[in-house]
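See below for the structure under consideration.
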């Protein structure tokens, strides 16, 4: 495993996706909210959320090689989730469930306010459009302070280690979301190291 990730529980990745793509996904979230396509969760019930949409799952798959390269071990996709925060929204300090063993939080855009994500003990990670943090979701406590702007978009991509302790959570229990060529578990669930980082068209460099 990446030494910095193992020691701190998170690493900051500037330009995890291109700013233009981040802005498109932010506008997509705004449109989905306007059209009544979002739901409210019990984590932040005042925010608007979407989960496992084609556009968010596409990013989950596309960024997998990049996240594997950062983690330095083979990963299997679990699920994708995106949230639109509104003025006054906050996320309590918490750890995630087993499907979030290795996660990426990416800032998509905002209208005012602070987009920072916090990690224990008291580390503030500031993010610009397209920046992300890769973290150990089941181990690293994280939270968000009260949002003071109007709207903010964030996407979360969750993975589990192939052959690891949470490997049973591959595709979050719903492999039918993906075509068989992607969800071949006999291939995906082998614990093989990630030997290189494949260049992705979504990366800024």
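Read-outs: derived from the displayed coordinates by stated rules, not from any lab. This is a predicted model, so every value here is computed, not measured. Quick reminder, even Gly has a Cβ in these numbers, built from the backbone with ideal geometry, and neighbours come from all protein chains shown.
For the chain, modelled as a Gaussian network with Cα springs under 10 Å, which listed residue fluctuates most, 146, 74, 83?
146
Take 96, 41 and order them by how many other Cβ atoms sit within 10 Å, fewest up front.
41, 96
Would you mind ranking 89, 57 by Cβ crowding within 10 Å, fewest neighbours first?
With the sparsest Cβ surroundings first, the list reads 57, 89.
So between residue 116 and residue 3, what do we pick up on full extension, going 0.36 nm a residue minus the alpha carbon distance?
So the extension gain works out to 38.3 nm.
By how many nm would the segment from residue 165 to residue 58 grow when fully extended, if each residue of separation counts as 0.36 nm and the alpha-carbon distance is taken off?
Here the answer is 36.0 nm.
Can you tell me the orientation of helix 19-34 relative to the chain, as the angle in degrees between its alpha-carbon axis and the longest Cα principal axis, to the nearest 10?
60 degrees
Based on a Kirkwood Rh over C-alpha pairs, give the Stokes-Einstein translational diffusion coefficient of region 3-188 at 37 °C and viscosity 0.692 mPa s in µm²/s.
Using the Kirkwood radius from Cα pairs, D works out to 199 µm²/s.
Considering the convex hull of the alpha carbon atoms of region 94-160, report its projected area averaged over all viewing directions, in nm², one decimal.
4.2 nm²
If I take every Cα pair under 8 Å that is 6 or more residues apart in region 3-188, average their sequence separation and divide by the length, what percent do I get for the relative contact order?
That works out to 29 percent.
Calculate the FRET efficiency for residue 141 and residue 87 from the Cβ-Cβ distance with a Förster distance of 25 Å, rounded to the nearest 0.05.
0.50
Rounded to the nearest Å, what's the spacing between the alpha carbon centres of region 48-85 and region 122-185? Just the number, please.
Between the Cα centres of region 48-85 and region 122-185 lies a distance of 6 Å.
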